[in-house]
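Report on the following structure.
The values are calculated or read from the model by the stated rules, or taken from the named source; none is laboratory data. All values reported here derive from a predicted model rather than from experimental measurement. Here the Cβ positions follow ideal geometry from the backbone for every residue, glycine too, while neighbour counts run over all protein chains shown. All accessible areas refer to the heavy atoms of the entire protein, side chains included, with ligands and DNA or RNA removed. Shrake-Rupley method; radii C 1.70, N 1.55, O 1.52, S 1.80 Å.
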Amino acid sequence: MRDVIAAVERSVKTYVVAIDGNALGGGLELSLACDYRVASKKSKVGLPEIKLGLLPGAGGTQRLPRLIGAQAALEVMLKGGTHAAEKAKEMGILDEVVEANPVDAAVALASKNAGTKRRVSEKAAFIGKGIALQAAPFVVSQAHKMVPPEDHGGYAAHKLIDAVEAAVELPFAFGIAREARLFEELVRSKPSAALRHVFFAERELHKIPGLPAAEPHDIKSAGVIGAGTMGTGIAITFATAGIPVKVIDSNDEAVEKAKQTVMGMFMYQVQKGKLTQEEAWKRGQSIVFTDDYNELADADVVVEAVFESMDVKRQVFEKLDGIVKPEGILASNTSTLDIDEMASVTKRPEKFVGLHFFVPANIMPLLEIVRGKQTSPQTLATAFKLGKALRKTAVLSANAFGFIGNRMVFDYAKAAGELAEEGVSPARIDGVAKAFGFPMGPFAMGDLSGIDVAWHIAKARPDVAKGRTGVIDRLVEMKRLGQKTMAGYFKYDKAVGKGREPIPDPDIEALFAEEAKKAGIAPREVSDAEIRDRLVFALVNRGAYLLEEGVALRSGDIDIVYVYGYGFPPHRGGPMWYADEVGVKHVYDRVLSFGWQPAPLLAQIAKDGGTFAAHRSKQGELVNA
Ligand code: NAD
């Protein structure tokens, strides 16, 4: 690549590049070495290498600052976004944008300018229009300050800034050599390996071994049952994708609140300049609230989001089955309940599937598609297609309590609770999780989703989610249900971070101590490394069970669930990738040292010296637990 680019630039002939589609990464780097750049209007350009923990390694970091200035080049390369042709022309990246046939335009330009060379490499880099070169150190240090620290997801960003600094300070040949060296360092770095794993794991998600090919249905209209937190978010998601949706709820108060949320959401996007008034109005109009189930007769898919109660859900699906056209798909957004039991009350279990959105449904990118025993290949194919239309990253899970993400989070929360019972403060535990790279710690997360929710789950499945002490019962008794009651594991104050900032509460530390004493758990000294390992390896150990049981198809699927749904730091690749990287044997030893039961698959891979990434669950035999 570098040699080809150098040859283009060295040549005495005039090179005109014609771009007709995407010129991202290497495609744009080659273009930058040409004398003229022409693109069709539909084209997009960009240097997205940063997203894989890399920097543009074929001259991009040296040529772009010479073409559009260091400041603009940093912006393009650090964000790694794509830019539409017109915009790229404004920025100075392209010379000409044409409606279509860029080759014709390029030939015309080449004929007119035959013999002209405009070597970007011969120009001096500049900072920005009207900004003196002396400002370079300031611009560079500002850039370093604006990106995350090296060990917090910013490893490649700092190296990229170093490369741009070289473009400004050094002659081209030296700058290009510096770029190559920095690129090599990144290629070999752990964060980049992790980010590339996430990139490729995402592209595997829709591959379901053993599943016969099936033509997906078109989804042109949808229904949602329940206008609560989830139903409202799901309705917004459909409307945003251009799919008209009818929302059923008979609770007037809930409907009123939902209408306000919908309006507020679209108005916010207008204010931010992301939507025009007209589009916002159109989207708002495509969500219709009603209490009449008969209006769903023609829906291609109906997603149920009523209370988490099997009785209520069974009633809803019995009713829907009698009303929705036979080819319509019925889906549940349940967090934990049995999809097959719901399907069993309908006459179309093959058209039944779980669509597990995450809160807030219109923002969180993850969707778990839950496959029931009888879910047909066509229904699954439709669910994946729908996921794509809704711009979600969809991961397949078998029908098992808590599916992939929540099943693992129960173990994570349990590990956090046990640490607190041993005398570690929730604030310290959350601090360690954040230092690892999670956006929030386990206790802040518990407060966000609601202590009552955890309490209900512990009651329903004590085998899965019950702690060693009565702390959760006590919190519910005290009506400390989390953020919504302004108190949970932490306190909240409207004046501090709009009531969302956790404030440590000594009363809660005392509560943990009291309950631990009752349960005969002695306080002990715990290191930060142990806190980290107990949190992360709880995820890994459960992930190993899920892989073995066939609940998840691949370790990469689990990693995607954690990165996209639970804020696992992407530069660490997800829990299973992280385990492979620190060594499965090491994880196994630590799990034993914590007195936990290791998953058989964890023990086996530790013994064989293998990795989770190399493991495949039984093809096409997703078991239903
Ligand atoms: P919610 O209490 O906010 O909303 C439930 C809504 O359903 C209420 O407005 C209620 O009036 C309505 N409803 C109840 N019975 C109905 C019926 N028979 N017909 C029509 N409407 C009815 O609950 P939520 O948080 O939105 O959760 C809904 C579902 O989504 C649950 O199964 C939950 O487990 C799941 N879920 C929740 C989250 C979350 O974090 N909140 C995340 C993923 C999945």
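Taking Arg500, Arg314 and ordering them by how much accessible surface each has at a 1.4 Å probe, largest first, produces Arg500, Arg314.
Computed 3J(HN,Hα) for region 322-336, one whole-Hz value per residue from the Karplus formula 6.51 cos²θ - 1.76 cosθ + 1.60 where θ = phi - 60°, is x, 10, 5, 3, x, 7, x, 8, 10, 9, 10, 9, 3, 8, 9, glycine and proline marked x. Straight-line cross-link reach from Lys466 at under 15 Å between alpha-carbon atoms covers these aspartates and glutamates, not counting any fewer than eight positions away in the same chain: Asp411, Glu418, Glu421, Asp452, Glu515. Distant-in-sequence amide contacts of Gly223, defined by a placed amide H-H separation under 5 Å and a gap of 5 or more residues or a different chain, comprise Lys246, Val301, Val302, Val303.
Candidate cross-link partners of Lys117 among the aspartates and glutamates, defined by an alpha-carbon separation under 19 Å and a same-chain spacing of 8 or more, comprise Asp3, Glu9, Glu29, Asp35, Asp95, Glu96.
Summarising the strand pairing of the chain, around 25 percent of its internal DSSP beta bridges are antiparallel.
Ignoring ligands, DNA and RNA, what accessible area per residue does the chain give at 1.4 Å, in Å²?
Working: 28270 Å² over 625 residues.
It amounts to 45 Å² per residue over the chain.
Charged neighbours of Ala73, selected by a Cβ distance under 10 Å, balance to +1 (K, R count +1; D, E count -1).
Need one word for region 450-599: rounded, prolate or oblate. Basis is the Cα gyration tensor (sqrt eigenvalues a ≥ b ≥ c); a/c below 1.5 gives rounded, then a/b vs b/c decides. Could the numbers behind the result be given before it?
Details: a/c = 1.78, a/b = 1.49, b/c = 1.20.
Note, shape of region 450-599 comes out prolate.
Taking a ≥ b ≥ c as the square roots of the Cα gyration tensor eigenvalues, with a/c under 1.5 meaning rounded and otherwise prolate when a/b beats b/c, else oblate, which class fits region 1-128? Here region 1-128 falls in the oblate category. Per-residue Karplus couplings for region 496-511, computed as 6.51 cos²θ - 1.76 cosθ + 1.60 with θ equal to phi - 60°, are listed in order as 10, x, 6, x, 10, 8, x, 10, x, 10, x, 4, 6, 4, 5, 4 Hz, Gly and Pro entered as x. In this structure, the amide hydrogen of Asn22, modeled 1.01 Å from its nitrogen in the peptide plane, lies closer than 5 angstrom to those of Lys44, counting only residues at least 5 positions away or on a different chain. Close amide-amide hydrogen proximity is noted between Phe289 and Val247, each under 5 Å apart and 5 or more residues distant or on a separate chain (H modeled in the peptide plane; Pro and chain starts excluded). Loop-located chymotrypsin sites (Phe, Trp or Tyr not before Pro) in region 283-339 (DSSP state other than H, G, I, E, B) with a sparse environment of at most 14 neighbouring Cβ atoms within 10 Å: Phe307.
Look at where the Cα atoms of region 511-587 and of region 457-477 average out, and the two centres are 20 Å apart.
Helix 528-549 and the longest principal axis of the C-alpha atoms of the chain enclose an angle of approximately 80°. Computed with a 1.4 Å probe over protein heavy atoms only, the accessible area of Glu421 comes to about 10 Å². Region 371-432 and region 146-192 have Cα centres lying 35 Å from one another. Measuring with a 1.4 angstrom probe and ignoring ligands and nucleic acids, Leu366 comes out at about 0 Å² accessible. Shown are His83, His206, whose ranking by accessible area with a 1.4 Å probe and every protein chain present, most to least, is His206, His83.
Cα centroids of region 203-227 and region 43-94: how far apart, whole angstrom? Going from one Cα centre to the other spans 35 Å.
As a quick test, which of the pairs Lys129/Lys282; Lys319/Lys484; Lys129/Lys434; Lys272/Lys498 have an alpha carbon distance above 29 angstrom in this structure? Too far apart for the 29 Å limit: Lys129/Lys282; Lys319/Lys484; Lys129/Lys434. Antiparallel DSSP bridges in region 326-415: what percent, to the nearest 5? Among the beta bridges of region 326-415, antiparallel pairing accounts for roughly 30 percent.
For the chain, the longest principal axis of the C-alpha atoms and the axis of helix 229-240 are separated by about 30°. Which lysines have a Cα lying under 16 Å from the Cα of Lys112, excluding residues fewer than 8 positions away in the same chain? List returned: Lys13.
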